[in-house]
1. What distance in nm lies between label points placed 7 Å from Cα along the C-beta direction at Ala102 and Thr80?
2. For a footprinting-style exposure proxy, rank Asp84, Asp113 by other Cβ within 10 Å, fewest first.
3. Please report the base-10 log of the normalised intensity I(q)/I(0) for region 17-132, using a Debye sum with one equal scatterer per alpha carbon and no solvent, at each q in 0.16, 0.19, 0.22 (1/Å).
4. Hey, which of these cross-link pairs are over 29 Å Cα-Cα: Lys60/Lys125; Lys57/Lys89; Lys89/Lys120?
5. If each residue's Cβ is checked for other Cβ atoms within 10 Å, how do Tyr115, Tyr109 rank with the fewest at the top?
6. Which GluC sites (Glu not before Pro) from region 28-73 combine a DSSP loop assignment with at most 14 other Cβ atoms within 10 Å?
7. At 7 Å along the Cα-to-beta-carbon direction for both Glu42 and Leu87, put a label point, then send me their distance in nm to one decimal.
Amino acid sequence: MVLKHLCLICLMLSMMGCQALAFLYGKKANTISVVGIASISEQTGNTLEERQLRAMKASKMEAYKELSEQVHGVHVRGETYVHDQRLEKDDVQGKVGGLIRAAEVVSSYQVGDTYVTELKLDLLKMERFQRYTQSFYVPIDETIVF
């Protein structure tokens, strides 16, 4: 009898690992929404239109970075150096990497000197994409993101 209950509990725990990512956040949280922003005046370019186009692209990439942070997390590396009981150096670095599929641009617009891009990711749709399409490894370089 005890063995039967133990087997049933093990089966239930192993099935919990197969749940969709969305169910980890609750049944209502099937989508993630993020915003990416970029300054127009800080972009390089000879004309205002060229700087606006660059800001548009930069804000979209910033939004994808935010999505990657939400889905895959952020790799944080920190080092603290102490010499003679004094803090000499304290470094913190962060890296983001991952493959984002099925994200949709909700809107893209200008607010003053800033370009804004809003993205939405349906987690269930992303999971279906991963299950039914061929995936390729995307290598992460050692560039510090922020």
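Bear in mind these aren't lab numbers, they're just calculated from the coordinates by the rules spelled out. Please read these numbers as outputs of a predicted model, since none were measured by experiment. Neighbour counts are summed over all protein chains in view; Cβ atoms, including those assigned to glycine, are modelled from backbone coordinates with ideal geometry.
1. So the two model labels end up 4.2 nm from each other.
2. By the 10 Å Cβ count, ascending: Asp84, Asp113.
3. So the normalised log intensities work out to -0.84, -0.98, -1.13.
4. The answer is Lys57/Lys89; Lys89/Lys120.
5. With the sparsest Cβ surroundings first, the list reads Tyr109, Tyr115.
6. Of the GluC sites (Glu not before Pro), the ones in loops of region 28-73 whose Cβ has at most 14 other Cβ atoms within 10 Å are Glu42.
7. 2.6
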